[in-house]
Ligand SMILES: Nc1ncnc2c1ncn2[C@@H]1O[C@H](COP(=O)(O)OP(=O)(O)O)[C@@H](O)[C@H]1O
Ligand SMILES: [Mg+2]
């Protein structure tokens, strides 16, 4: 579905992605983990051509997004929903107007129709009562959920989440996890989730990739991931108190 | 560097012009009205003071000179003609550039550094259409209106000085003004104000989009907007005068 072919990218004089090669399959929830500054956000931005590789290609199905332009690029971007790390809401629009913006600008739907769809999506992220609020009145976690509602308003087939649960309390985090899972199971959405939160990664991921020093050092299922022999992966697991498979199972059932 | 900036700014302007029909359609008109409101209302207080004093200074300066020949009554036409042709659009342009233009640059600059522009791009909402067009339309429509207001205030300021300092009655002042000021003066001034509006919207939006990361980047974009707009307004103002009066 999404394929990185030997993608390299230098930013600010540093090699952020170094000949990255991997494929994300249709209808999976692909989780990318890694330290801050590892290039996780940069990877996501390549999938929607907010960044262009210095070398290599990014393919979406049979289309090459890293060479597309104009309407062709718009068509590819329309298959995506993108939740930004900072939520990226427009500050002068109300929550409802923010979420409805893609529909208002790109479809012929009437305002009443749009408002109804917006309310539906806000319900899905547990923000049913925030329709008329301004972004400035919301907490960081609420803003992020509004960003999520906006990302799914056009019912995209691929959704990119940049740290969807960071800054959220554990209970809300699990709500978001369940939402991501539900979108995959019910609607066949393909998701790419960037996160620090390993519990979340292990719970929702069909596969987990670890990004380190511009390379993918591990791609595996959650079961294999916690058993990985890779030193960097081990260090990452231990930093989040996931030391053995047994303990992870405990935290899952509790 | 300058050439490339001018090029991208021009492309952005063309795109924004092309999308005017889309953005003034009933569904999107709200964005345009909001910008028109901000453009006209935000600086009305400053405009009033500046317009009044511009008229007063013009009246006092020319009046004192004319008094040596016993022709004080000509301040009516002097103030009116200079306000309509030059000072009205010019003062309005400078103030709108400094207040509204800098606010536009700060807002779009903040959006640029906080990924909001990226978000629009991913949603394939063209930033030029959604952000530039409403501001451009607001500038093109509101600059002439505000300029007319500045002109009126300036002429009133001149009349006040005439009455209180130079002994020119209000009626004599207005008679003289209407006798010598031509429609052409008004139209040339309004043409200038429209051009100044386009200049301010273009420079402010372009600087906003070019803002570099961080609060410093936004501040720089704001400052550049004011300086660059001033320079272009001065030059274009001269060229238009040159074109119509030689
Ligand atoms: N636009 C940019 N200009 C320069 N450097 C950038 C830019 N975007 C990201 N970087 C750098 O690339 C690296 C990876 O960034 P990012 O992908 O945001 O990290 P993370 O994995 O935490 O999401 C960081 O060192 C960051 O400083
Ligand atoms: Mg990031």
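Computed from the coordinates by the stated procedures, all read-outs in this text should not be read as laboratory data. What you are looking at is a predicted structure, and each value in this text was computed from that prediction instead of being measured. Every residue, glycine among them, receives a Cβ derived from its backbone with ideal geometry; neighbour counts consider all protein chains shown.
So what's the gap between the Cα centers of segment B:88-142 and segment A:67-110, to the nearest angstrom?
Comparing the Cα centres of segment B:88-142 and segment A:67-110, I get a distance of 19 Å.
To the nearest 10 degrees, how steep is helix B:170-180 against the longest Cα principal axis of chain B, on a 0 to 90 scale?
70
Under the Kirkwood approximation applied to all pairs of distinct alpha-carbon atoms, what is the hydrodynamic radius of segment B:152-210 in Å?
Details: mean 1/r = 0.0709 Å⁻¹.
Value: 14.1 Å, from the Cα pair sum.
For segment B:28-241, what is the largest minus smallest coordinate of the Cα atoms on each principal axis, given in angstrom and ordered from greatest to least?
Over segment B:28-241, Cα extents along the principal axes are 69, 33, 29 Å.
Based on the alpha carbon coordinates of segment B:1-151, what radius of gyration and maximum Cα-Cα distance (Dmax) apply, in Å?
Cα radius of gyration and Dmax of segment B:1-151 are 20.0, 70 Å respectively.
Output needed for segment A:177-223: three equivalent-ellipsoid semi-axes, defined as square roots of 5 times the C-alpha gyration tensor eigenvalues, in descending order, whole Å.
Details: eigenvalues 90, 23, 18 Å².
One finds semi-axes of 21, 11, 9 Å for segment A:177-223.
So how tilted is helix B:2-18 from the main axis of chain B? Cα-based, degrees 0 to 90, rounded to 10.
Its long axis makes an angle of about 90 degrees.
With 5 Å bins from zero, work out the P(r) of segment A:41-154 over every alpha carbon pair and list the percent per bin.
2, 12, 21, 19, 16, 14, 10, 5, 1, 0
Hey, what's the Kirkwood Rh for segment B:121-181 if you take every pair of different alpha carbons, in angstrom? Don't jump to the answer; show the numbers that get you there.
On the way: mean 1/r = 0.0676 Å⁻¹.
Across segment B:121-181, the inverse of the average 1/r is 14.8 Å.
Which value at 222 nm does chain A reach when only helices count, each DSSP H run of 4 or more adding -39,500 (n - 2.57), with the total divided by all residues and rounded to the nearest 500 deg cm²/dmol?
-12000 deg cm²/dmol
Going by C-beta contacts inside 10 Å, put B:143, B:10, B:23 in order with the fewest on the left. Provide the component values of the computation, followed by the final result.
Details: B:143 28, B:10 12, B:23 22.
Neighbour counts put them in this order, fewest first: B:10, B:23, B:143.
Rounded, prolate or oblate: which fits segment B:102-147, taking a ≥ b ≥ c as square roots of the Cα gyration tensor eigenvalues, rounded meaning a/c under 1.5, else prolate when a/b beats b/c? Can you show the working numbers first?
Working: a/c = 6.22, a/b = 1.87, b/c = 3.33.
It is oblate, given that a/c is not under 1.5 and a/b is not larger than b/c.
Need one number: convex hull volume per residue for chain A, Cα atoms only, in Å³. The partial results should precede the final answer.
Details: hull volume 33.6 nm³, N = 254.
Hull volume over Cα atoms, normalised by residue count, gives 132 Å³.
Using the Kirkwood radius built from alpha carbon pairs, what does the Stokes-Einstein equation give as D for segment B:51-136 at 20 °C and 1.002 mPa s, in µm² per second? Write out the running numbers ahead of the final one.
Numbers: Rh = 16.2 Å.
D = 132 µm²/s.
Looking at chain B as a GNM with Cα springs under 10 Å, which of B:182, B:201, B:16 has the largest mean-square fluctuation?
B:182
Reported to two decimal places, what Rg/Rh ratio describes segment B:1-79 when computed on Cα atoms with Rh from the Kirkwood expression? Before the final figure, lay out each step's value.
Details: Rg = 22.0 Å, Rh = 17.0 Å.
The Rg/Rh ratio comes out at 1.29.
Determine one quarter of the surface area of the Cα convex hull of segment B:129-246, which equals its mean projected area, and express it in nm² to one decimal.
Quarter of the Cα hull surface area: 10.0 nm².
What's the angle, to the nearest 10 degrees (0 to 90), between helix B:214-244's Cα axis and the longest principal axis of chain B?
Between the helix axis and the principal axis of chain B, the angle is about 50 degrees.
Sorting A:241, B:173 on the 10 Å Cβ count, fewest up front, what's the list?
Working: A:241 11, B:173 27.
Exposure proxy ranking, most exposed first: A:241, B:173.
For segment A:145-197 and segment B:1-64, what is the separation of their Cα centres, given in Å?
What the calculation gives is 42 Å, centre to centre.
Which value, in Å to one decimal place, does the Kirkwood hydrodynamic radius take for the protein assembly as shown when every pair of different Cα atoms is included? Don't jump to the answer; show the numbers that get you there.
Details: mean 1/r = 0.0386 Å⁻¹.
One decimal place: 25.9 Å for the Kirkwood radius.
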